[in-house]
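The structure under discussion appears below in the form of structure tokens.
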Amino acid sequence: MSTLWLVIGIVTLVNCAIGLTLWLLHLRVSHWMFASEPSYESVETLHMPDGGIIELRRIATPIEPRDPTPVLMIHGLAMNHRNHDTHADYSFARHLHREGRDVWLVTLRSGRRSFRLFSGANSDFASMVKHDFPGAVAAVLARTRQRQLDLAVFSMGGMLAYAGLDRTVEARLVRRVVVFASPAKVRPLGVIGALHFLPPAYTPTPLLRSLLGSIAFAPRLVPSRVLGRLYNVENVDRKIERGMLCDVWENIPGRLGSDFMRWAKTGGEITVDGMPVLNGLSRVNVPALFFAGGVDWLAPEDCVRAGYDAWGRDVPGLDKQFVLLSRANGVQCDYGHCDIAFGRNVVQEVFAPAARFLAGQVVAQRRAAPARVEHTGFAASPAE
């Protein structure tokens, strides 16, 4: 009997090894076929005071600069710098560069490649607020010799701005901000949130990069309600979907995931060192444009609107604008979460108005239901 169990054990281990080998081979082939890496003028590795490491990329020095103010782009959770530079035709970074802007992309410590099951002690949200955000701002200003920069922040990148402005980064250093799908409170996370009871040090790192890379061959075989948690599949061009699944995503450090689960479990309020972040936004005197997706599961309208409401609340006449990307407001398709960065019509519906706002121009938003879009100084044109 013991011999039989030994044989069964050996066969099981061999099958597991074969399965793992085939899966790794599948991932390698997927990345070979679909992944890409755009060219950058410079790529720097920056070491933070607490031992964390970030990366800073410059698209290229503009040939005909129209505005000397640099733009710093900050990516979202489980993403890297490709969040804002997904594809040549779907890149807010390249869009701004073509308009003569000096564009910089930061890869936060959470967005660097890592395969560790448990993350280090300095991989939490507070560490990025205290070091990565101010470190990236200081580096860009030093290299460009400018006094201010513009920010383009996506999802967690905006949460860093909520938590860091006038705390770890002086708001006077920021001229204008565009916020893409950045929740100011964290919605319930369902089954994933059940892991909140684990101590941060023992919260495992979800291997999201490998999981999404493994479906790049045939993403449409995955139920749309599953991928819909990340993006609206109807709003993503198939020619970039496979590459996006290989290029954009990274694993979530366990301690950072623990932060999100804790916030979701305790009413959604974002805190740093036990202090709520939204209260500190009331005096932030920086013009801001907020985009929210009409069918965004991760950052629904009310969660993004909470940031909009808190931003410069006590600053009279501050230019802040809120745009809901939904069919009811005149766009071609309801936007989910990540497709705000690479949706089918994102150039016309998101990039163009965002670029105009950063340039200090009047933003025109097509919409059919004016009540759904709040604004100041917002010029509307009829829905087409």
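The values are calculated or read from the model by the stated rules, or taken from the named source; none is laboratory data. It should be emphasised that the depicted structure is a prediction, and the values quoted were computed from it without experimental measurement. All Cβ positions, glycine included, derive from the backbone under ideal geometry; neighbour counts span all protein chains shown. The accessibility values were calculated without ligands, DNA or RNA, using every heavy atom of the protein model including side chains. Shrake-Rupley method; radii C 1.70, N 1.55, O 1.52, S 1.80 Å.
What to note about this one:
- Top-ranked residue in segment 87-100 [being open to solvent by 10 Å² or more (accessible area, probe 1.4 Å), in contact (Cβ under 8 Å) with a residue 24 or more places away in the chain and not acidic (Asp, Glu); ranked as farthest from Glu41 (Cα to Cα)]: Tyr90
- Filter result (assigned to a helix (DSSP H, G or I) and either modelled with pLDDT of 85 or more or under 26 Å from Gly243 (Cβ atoms) (or both)) within segment 193-226: Leu208, Arg209, Ser210, Leu211, Leu212, Gly213, Pro219, Arg220, Leu221, Ser224, Arg225, Val226
- Of all residues in segment 254-297, those satisfying the criterion of being surrounded by fewer than 20 Cβ atoms within 10 Å (Cβ to Cβ), in contact with a His (Cβ under 9 Å, 6 or more places away or on another chain) and in a helix (DSSP H, G or I) are Arg262, Ala264, Lys265.
- Test for Ala306: is it part of a strand (DSSP E or B) and modelled with pLDDT of 90 or more: no
- Figure legend. Inter-residue proximity from segment 123-148: first residues over 15 Å from Met48 (Cα atoms), second residues assigned to a helix (DSSP H, G or I) and of a type in the set (A, V, I, L, M), beta-carbon distance below 9 Å, spacing 6+ or different chains. Indicated pairs: Leu141/Leu173; Gln146/Val140; Arg147/Leu141; Arg147/Leu173; Gln148/Leu141; Gln148/Leu173.
- The set of residues in segment 309-343 being touching a helix residue (DSSP H, G or I) at 6+ places or on another chain (Cβ under 6 Å) and in a strand (DSSP E or B) consists of Phe322, Leu324.
- Unmet criterion (only one of (1) at pLDDT 95 or above; (2) over 16 Å from the mean Cα position of the chain (by Cα)) for Tyr231: (2)
- If you go through segment 145-176 and keep only what is of a type in the set (D, E, K, R) and crowded, with 19+ Cβ neighbours inside 10 Å, you end up with Asp150, Arg175, Arg176.
- Filtering segment 305-343 to residues that are surrounded by fewer than 20 Cβ atoms within 10 Å (Cβ to Cβ) and of a type in the set (Lys, Arg) leaves Arg305, Arg313, Arg327.
- Counted as qualifying within segment 1-82 are the strands (runs of 3 or more DSSP E) with 3 or more residues that are crowded, with 18+ Cβ neighbours inside 10 Å, at pLDDT 70 or above and of a type outside the set (A, V, I, L, M), namely 53-58.
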